[in-house]
1. For the range A:250-391, just say rounded, prolate or oblate: build the C-alpha gyration tensor, square-root its eigenvalues into a ≥ b ≥ c, call rounded for a/c under 1.5, and beyond that prolate if a/b exceeds b/c, oblate if not.
2. Using a loss threshold of 50 Å², tell me which positions in the range A:725-751 are less accessible in the complex than in their chain alone. Probe radius 1.4 Å, ligands and nucleic acids ignored.
3. What is the ratio of the Cα radius of gyration of the range A:188-245 to 2.2 N^0.38 Å, with N the residue count, to two decimals?
4. I need the P(r) histogram for the range A:1-41: all alpha carbon pairs, bin width 5 Å from 0 out to the longest distance, whole percents.
5. If I take every Cα pair under 8 Å that is 6 or more residues apart in chain A, average their sequence separation and divide by the length, what percent do I get for the relative contact order?
6. GNM on chain B, C-alpha springs below 10 Å: top fluctuator among B:Arg191, B:Arg96, B:Arg22?
7. Counting pairs of alpha carbon atoms under 8 Å apart in space and at least six apart in sequence, what relative contact order in percent does the range A:326-411 give?
8. Along the Cα→Cβ direction, 7 angstrom out, place labels at A:Arg67 and A:Arg690. What is the inter-label distance in nm?
Amino acid sequence: MKRVTTRPTAPSPIGESVPRRDGPTKVTGSATYTVDVELPGMAHAQILRSPYAHARIRSIDAEAARRHPGVVAVVTAQDLPDVNLLYGHAIADHPLIATGKVRFAGEPVVGVIAEDRATAAEALRLIAVDYERLPFVTSVEEALADDAPIIHEEPGEQRSHRGFEEDIERTHPNVCSHSRQAWGDIDAAFEGAHLVVEGEYRYPMCYAYAMEPYTSVASWNEGALTVWSSAQHPYMVRDDLARCFGLPRGAVRVVVPFVGGGYGSKSYTKIEPLTAALALRAGRPVRLALTVDEAILTTRGDAATVRVRSAFDADGHLLGRHGAIHLNTGAYAENSPLVGRKAANRLGGPYRIPALQVDCSTVYTNTGPASSFRGFGAPQVTLAGESQMDEAAELLGLDPLEIRRRNLLDPGERPWPRARGIDADLKADLELAAEALGWDDPLEPGHGRAICMSASDAGSEPITTAMLRVHADGSVTVMVGSTEIGQGSSTVLPQIAAGEMGVPLDSVHLLQSDTGAVSYDRSTGASRTTTLMGLGIQAAASDAREQLVAWARDAVAQNGAPVVEERGGVRVAGTFHDWGSIVRAWFGADAGEVIGRGYLRRSGATAEMPPFWEIGCVGVEVRVDETTGEIDVLTLVTVGDVGAAINPQLVESQDVGAAMMGLGMAIREELVYENGNLLNGNLFDYRVPRTTDVPELRTIVVERGDGVGVYGAKGGGEGSLNPVAAAIANAVYRAAGIRLREAPFTPERVWQALRERDAGR
Amino acid sequence: MIPRFSLTRPGSIEEALDAFDRAADDVAYLAGGTELLQVMKMGLAQFTTLIDLKGIAELKGISVLPVGTLRIGATSTHRDIERSPLVRERAAGLARLESRIANVRVRNAGTLGGNLAFAEPHSDPATFLLACGASLTLAGRAGRRELEVAEFAVGPLATAREQDEVLVEILIPAARPGEGRAYDKIAFFERPAASVAVRLTVVDGSIADATVAVGSLTDTPVVVTGAGGALQGAPVLGDGFAVALDAAAMALGGVEAMADLNGSADYKRHLAGVLLGRAAGVAVREATAHA
């Protein structure tokens, strides 16, 4: 890892690569995941899923299953008249269990609760469902045909209170949502163009494989509901549960134990309402633990078809960009309306574009529902946008780096009117990547290099609270609603607290993601935790210190002696008093504590949206095997432009992990539907990258202190995914002279393109 | 999740056959379980009784018979075979092949006998053994019989084994003087996209005879006679070898390949042609070293 640091210094241990706190617990197997939660009297659920992509449910005969020894309860939608079955924070269109019809193969139809999982699984085989099969669609093209079957006869309730303000243009009943991003005079831009590049690019339907599949445990107690779940956003799950079961939010407690990976796939509500409904009917606590195969059917990423035209002047300056994006969002909206809006925002990329118009429709199909997935619309559109930069460079006779230099936004420049100015030095990042990749070094035959970039409006909403308690012995408890999903928040947040309080790192303890114990955070996503919760903790620490200084004046200083704040305490009349001694003095006992509070909203430094820009800057060198069509990615350069790296090693591992995830989708991963069924919904046939697939790494962490967060921090962990597919496509073009526009770039697709190239010679 | 089943662990082939007779209808022999337990988990097969063959001494071990035939007990794991000095010495191509099967966890559990009996069309060893003219022994109530590997697999996931028969051993003939045997595959997922095995004999710098077997393209691995024929008589050095390889690859055009997640029939035939060239080169080197 190379570090480029120009940010102001920060108090230790901020900026230090301390070992991750959850490491030993996880690698020794002692970490408690949701599946390890055991409650007295707990029963186990299994789900009967639809074998058909689209069908009306005529009847369900579950009598034999109900009578099966060991079965506690069998639950269908008809057994839940007292539950609001529809959830969905964007559009409430998703029944927690099929009501009347199924919209994808794999949709939950019946839940069986039994004394153990094997008994529940046996009982599933005793259930007979009479289906009336309906015509189905699995692609956007099929779904938007005039005579396409309608997937949702009644549009779901719009739940705009969470920021989905735009009107849904229902041009076709299968359109789920529509977003437009536009500025400038688009017609004039294209009329005056010297060069227009036009193309259609496709990004695959992918699964955000996490080692832990979705798991929930639900328990009802005197009308209150407690759910343990593998959820990224416990507070949003709480709110959905409250709505489904007609409970006040305070009566719902969502606890998130260790999570085995999220990548966006565990954001928002998944199986929690179903588990709670099953526990309600069982009259006992219930655990629902999905398999990986079931998890693949539960959420995936949005596949995209992106049609783009870019207009350039003779010098390679972008004049305008016009885009039409269609996302295959599957059977239910989930978070795809927001993914669509972000895709529209992100097609412009990190460039100065005088006029832009992008329309994005999310489209219902009879496939597993799509939702958040690391990168969130950016990988889909960056393939298109960055491919066009290289296509234009070639037609204009420019070096691919030079065309980028001419168009990249300057620090502080607004990508679109009213957006926050870019909080990064993009041109400097580009030069760092070029140097690391050896851009000007001679290339071996069959090799190619490329560097691609992205800028994402990230951070979601700045709605965050934090609590920081200083105990009588001076140790600190930090309480946050942000989740450790493997990204390292359980290490980084204590580092910030220790630095801000001036206390040793090992005296700071963190409590996370329990809505009954910690205070509100909107979400753990959009790369926001270090930046926004970091600010929350900084504010809470400041609040705690202010109170402690006041307490020192009150209880430590004699006769109005001046109290001077120092690192980790105060000095009074030449004597240093640490925070613990102030607590003890104020309470007059070895007891008590001070509670610091941090609140963040759209105000002050976080008034402008987005809270920060997440930068992607990736370089690759590839070799193309012309005999088999295989792409070998030899070198991978990542530039993690994170403003301030609270823990540089964790930044590096996030960047490499993100880029490898992007590499998997660029060359290999794709969920394939045939006859309405998922062909490769298992880890035999759906292959994610492995350590043996990791190329030679050249990682750079850049800290210029230009983010809104503590010491200039801003988010990372997704940016390095976004440009990977485009970088590989552009590098393959330089290596072999073939332009790949449909990811994944499988060996056969490459081989076909090589054959077409040779046929054209 | 895997349904409930009962497990018996016989100590001899006789006990295994008894257990089979006693069991109800849904019974299967279990070896490494890397395939069988997966299909049970996926709900594609339901067995209420599994008879575990791993405790039977006669099904274990790797040895050389007096005639030079390599004998591999059916429950030898891929890892056993990969690491066996006997296999490395007498069938180096098989040792290399075994070392590249799936991943080390699968190789530590999965057995050669189980692999052949499951008859997955993408099986690595079946293709190699087919080219080598290997045979195997089955033991049933009616006694023992020996079958050529070519006769054993009759379709995808289907073999000539009677339900009660136990696969005892795999017999690989000794390499003749001047013989080379090699295998190569290309895999994008767990199983190969295409695989080719070549057995050839080099006499006086020319290929005297050759057998080419192709796996993963068809329902079972197949010998492509035209491809072997195209190599016959070719010099092993110079342009003549390249010309013969092109002709052999052309002969693969007639293979009725199935499209799958790895690619179209055309592409898979093309891959087999690429692999044929690679495997033939290795086989020639081995043959020349043995001459």
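The values are calculated or read from the model by the stated rules, or taken from the named source; none is laboratory data. From a predicted model like this one, the values you see are computed outputs, not experimental measurements. A quick note on method: Cβ atoms are made from the backbone with ideal geometry, for glycine too, and the neighbour counts reach across all protein chains shown. These accessible areas exclude ligands, DNA and RNA; they are computed on the full protein's heavy atoms, side chains included. Shrake-Rupley method; radii C 1.70, N 1.55, O 1.52, S 1.80 Å.
1. Details: a/c = 3.22, a/b = 2.88, b/c = 1.12.
Since a/c reaches 1.5 and a/b is larger than b/c, the shape of the range A:250-391 is classed as prolate.
2. The answer is A:Glu748, A:Trp751 - residues whose exposure falls by at least 50 Å² when every protein chain is included.
3. On the way: Rg = 23.3 Å, N = 58, 2.2 N^0.38 = 10.3 Å.
Relative to the rule-of-thumb radius for its length, the range A:188-245 sits at 2.27.
4. 5, 14, 15, 14, 11, 11, 10, 9, 5, 3, 2, 1
5. On the way: 2020 pairs, mean separation 123.5, N = 761.
Dividing the mean separation by the residue count of chain A yields 16 percent.
6. Looking only at B:Arg191, B:Arg96, B:Arg22, the biggest GNM fluctuation is shown by B:Arg22.
7. Numbers: 110 pairs, mean separation 33.0, N = 86.
It rounds to 38 percent for the range A:326-411.
8. Distance between the two pseudo-spin positions: 4.9 nm.
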